[in-house]
Each structure stands twice: as structure tokens, then as C-alpha cells.
Amino acid sequence: MRVNLTGETLEVRLAWWEKIVGLLGNIRVDRVDVSEVEVLQEPVRAAMASGMKAGLRVPWLMYIARTIRLDQAFVVRRGVPGLAFAVHNHGALHRVIVSTPEAAELARRLGEGS
């Protein structure tokens, strides 16, 4: 999984196997539709607390999944900080959490753009 941030978009690009086991596709959102950006030190804990999910779920280790209501997506791993953000104008999806070593830098850059 890679997180790409350009002047116009934020994109979460999944590997082929992550798409299959997580029942997800790549997530591409216009930067103007991203808000409530934060860095989570324990993103797996946030995923575990979010209710019923469909996809790969290994409690306390990894989640590549969406909630049953399809309003939240998770691509998180234990020991890797998470970038959490709200999404607007993207169908049912309202919140995304992804683990990336660059979470703090991406959050800073997203904050500068708002």
C-alpha cells in the first residue's frame, strides 16, 4: 500500500492482494474533500473499535477492511502510525485510516493545504 499526495488529490493505492483480501479498491479523493486529518499512534486499536467489518481482520496485528455500512476503510498494521481523515463527496465512504511511516508528514502537508 502506498499513499500519494499531490496538489489536487490524496490517493491510497493498494497492492493486488490487499484489494482481494480487504474487499477494497484504490481510494482517490480530491484534497478539498479531505478534512479532520490526524495522526494515530495505534491505528489498529481504532480499527478494532469501529464495529463490524468485512475484509481481512487479524486482531491486534492488521486490518484491511471496510465497515459493513461501507462508511469507513482501514489499511492498518500494528507498530506503524496511522493517517486518519474524513472524506466528503465520495459515496458512502466517510472516514479512512491507513498505516504509513509518513503519517505525520502527510498530516502536516494536508494541514497546509486547507
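Only the coordinates and a few stated rules stand behind these numbers; no lab work does. Computed from a predicted model, the values in this text were never measured in an experiment. Cβ coordinates were reconstructed from backbone atoms using ideal geometry, including for glycine residues, and neighbour counts include every protein chain displayed.
May I ask you to say which residue of G7, G79 is touching a residue at least 12 places away in the same chain (Cβ under 8 Å), in a loop (DSSP other than H, G, I, E, B) and surrounded by fewer than 13 Cβ atoms within 10 Å (Cβ to Cβ)? From the options G7, G79, the qualifying one is G7. Only one of the numbered conditions (1) of a type in the set (A, V, I, L, M, F, W, C); (2) within 22 Å of W16 (Cβ to Cβ); (3) in contact with a strand residue (DSSP E or B) (Cβ under 8 Å, 6 or more places away or on another chain) is not met by A103, and that is (2).
Looking across the range 10-22, the residues that are surrounded by fewer than 15 Cβ atoms within 10 Å (Cβ to Cβ) and touching a Lys or Arg at 6+ places or on another chain (Cβ under 8 Å) come down to E11, R13.
Among the residues of the range 76-114, those identified as touching a Leu at 6+ places or on another chain (Cβ under 9 Å) and β-branched (V, I, T) are V76, V87, V96, I97, V98, T100.
Residues in the range 24-50 that are in a loop (DSSP other than H, G, I, E, B) and closer than 21 Å to R78 by Cβ: L24, Q41, E42, A49, S50. Just the residues that are surrounded by fewer than 16 Cβ atoms within 10 Å (Cβ to Cβ), part of a helix (DSSP H, G or I) and in contact (Cβ under 8 Å) with a residue 40 or more places away in the chain, please, taken from the range 95-109. Answer for the range 95-109, where residues must be surrounded by fewer than 16 Cβ atoms within 10 Å (Cβ to Cβ), part of a helix (DSSP H, G or I) and in contact (Cβ under 8 Å) with a residue 40 or more places away in the chain: A104, R109. Kindly evaluate L70 against the criterion of being out of contact with any Ser or Thr (no Cβ under 9 Å at 6 or more places or on another chain), surrounded by 15 or more Cβ atoms within 10 Å (Cβ to Cβ) and either without any contact (Cβ under 8 Å) to a residue 24 or more places away in the chain or closer than 17 Å to I27 by Cβ (or both). Taking the combined requirement at face value, the residue does not satisfy it.
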